[in-house]
Amino acid sequence: MEFIYNTWPWYVAGPLIACVLFLLLFMGRKFGMSSNLRTLCAIGGAGKYSDFFKFDWRAYKWNLWVLFGVVIGGGIAFHFFTPIAPQLNPDVVLQLKAYGIVSANQSFLPLELYSLDRLLTVKGFLLMLISGFLVGFGARYAGGCTSGHAISGLSNLQMPSFIAVIGFFIGGLVMVHYIFPLIF
Amino acid sequence: MKQVLYLFAIGLLLGIIFIKSEVASWFRIYEMFQFKSFHMYGIIGSAILIGIIITEYIKIVKAKDVNGNKIIIQPKQKGFTRYMLGGIIFGLGWALAGACPGPMFVLLSSGFVSILVLIFGALIGTFVYGLIKNKLPH
C-alpha cells in the first residue's frame, strides 16, 4: 500500500509511460493526446468553418476511449491514492513564496492559480483561458504535444519532433523566467 | 467492443501514472523549468530511452499488432518553421498552465473547476488554428 500512496519515482513512471506507448502500438494505434482536441472540435461541428475539421472523426474515436480512461484513472488516483501534495525542492518553495504562491507542498495544484476564487477574477479566468489556448493552438501548429512529439516522436528518432521539443523548452523557459515575474 | 475496453484500460493506467508521478502537477512543471529537480527529466528521459528500444525492436523484427497487421509508425512530415513556432507557443502554455493535453484531462475529475476553462481554452486554440492554418508559415 505504501507504494500506491507515495509519489512514484521517475524510474517507475518513465518505464510505465514507455509501456503505454508499446501497448498502444501493439493495439495498432499510436500515443498522442492532443489530437483528441481536434477530434472533439470536429464532433462539435467545427467542420462547418474549416476543412481542417472535415475528416471522419469516427476513425479517431478509439483515442477518445483512451482519453476517457485517462479522466477516470486520474480521478481515482487523485482522490484515493494521493494523500500528500508534491514535495518540492526547498529552493522552489521559497521562489514561489516570493511570487505569493504559498500552497506549494500543500496542494497538488497552486491554489493561487487554480482555486475557484481565482477563477472568478478577470485575471484568474484569463490566465486559464489563455494558457489553454496556447496549449491547444501550439499543439496543433506543431502537430503534436508532449506525448506525440516528446515520447512517440523522439522514440522514433525523428527530426521534426526534436525541433518541436526544443521549441517546447524555449517556450517554457521564457514563460517561467521572463513572463512569470510580470504576471505574479 | 473488447478493443475499446483495452484502450480504456490503457488510458486508466496512463491517468494513474500522470497523477502518481505528479507529472500533472503545475508545481512539478515549474520545478522542471527551473532545473531544480531531476524528477521530470528522469521520467521523460527514461520513457524516451525505453521508447527508442521498443520502436527499434518493432522495426527490426517487423512486429505485428494484435490484429495481425504490421505495426507502422508514420513519421512526421519534414519541416522546421511549424515545429519550432508551434513548439514555442505550446511551451509557453505548458509552463503557464502547468499541464499539457494529457494531464489537462487527468485533472478533469480532480474537482478543480478551473480545469474546465483550461480545456475550453485548448479547444478554442485548436479551433482557431484550424481557421487560420492556411495563413500561417509551416
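The values are calculated or read from the model by the stated rules, or taken from the named source; none is laboratory data. Note that the structure is a prediction, hence the values are computed from the model and not measured. Heads up, the Cβs are rebuilt from the backbone with ideal geometry, glycines too, and the neighbour counts pull from every protein chain shown. Note: areas computed on protein heavy atoms with side chains; ligands, DNA, RNA excluded. Shrake-Rupley method; radii C 1.70, N 1.55, O 1.52, S 1.80 Å.
Values for this structure:
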item	result
Residue that is farthest from the other protein chains (Cβ to nearest Cβ) [pool: residues in the stretch B:67-91 that are part of a helix (DSSP H, G or I) and surrounded by 21 or more Cβ atoms within 10 Å (Cβ to Cβ)]	B:R82
Hits in the stretch A:37-63 (condition: facing chain B (nearest Cβ under 7 Å) and not hydrophobic (A, V, I, L, M, F, W, C))	A:R38, A:Y49, A:S50
Test: residue in the stretch A:135-146 that is touching a residue at least 12 places away in the same chain (Cβ under 8 Å), farther than 30 Å from B:H138 by Cβ and either open to solvent by 40 Å² or more (accessible area, probe 1.4 Å) or touching a Cys at 6+ places or on another chain (Cβ under 9 Å) (or both)	no
Condition met for A:V66 (under 30 Å from A:F180 (Cα atoms), at the interface with chain B (Cβ under 9 Å from one of its Cβ atoms) and either assigned to a loop (DSSP other than H, G, I, E, B) or open to solvent by less than 60 Å² (accessible area, probe 1.4 Å) (or both))	no
Residues (more than 22 Å from A:K54 (Cβ to Cβ) and more than 16 Å from the chain's Cα centre (by Cα)) located in the stretch B:113-128	B:V113, B:S114, B:I115, B:L116, B:V117, B:F120, B:G121
Extreme residue, nearest to the other protein chains (Cβ to nearest Cβ), among residues of the stretch A:109-134 that are open to solvent by 20 Å² or more (accessible area, probe 1.4 Å) and not in a helix (DSSP H, G or I)	A:S115
Residue list for the stretch A:153-183, filter: at the interface with another protein chain (Cβ under 7 Å from one of its Cβ atoms) and touching a residue at least 40 places away in the same chain (Cβ under 8 Å)	A:S155
Test: residue in the stretch B:102-112 that is outside any helix (DSSP H, G or I) and under 22 Å from A:D51 (Cα atoms)	no
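Conditions (1) open to solvent by less than 10 Å² (accessible area, probe 1.4 Å); (2) hydroxyl-bearing (S, T, Y), marked per residue:
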| residue | (1), (2) |
| --- | --- |
| B:G93 | yes, no |
| B:A99 | yes, no |
| B:L108 | no, no |
| B:S114 | yes, yes |
| B:L118 | yes, no |
| B:A122 | yes, no |
| B:G125 | yes, no |
| B:V128 | no, no |
| B:P137 | no, no |
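Residue by residue, here is whether (1) at the interface with another protein chain (Cβ under 7 Å from one of its Cβ atoms); (2) open to solvent by less than 40 Å² (accessible area, probe 1.4 Å); (3) more than 26 Å from A:I179 (Cα to Cα); (4) assigned to a loop (DSSP other than H, G, I, E, B) holds:
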position	(1), (2), (3), (4)
B:V4	yes, yes, yes, no
B:I10	yes, yes, yes, no
B:I16	yes, yes, yes, no
B:F27	yes, yes, no, no
B:Y41	no, no, no, no
B:A47	yes, yes, yes, no
B:I58	yes, yes, yes, no
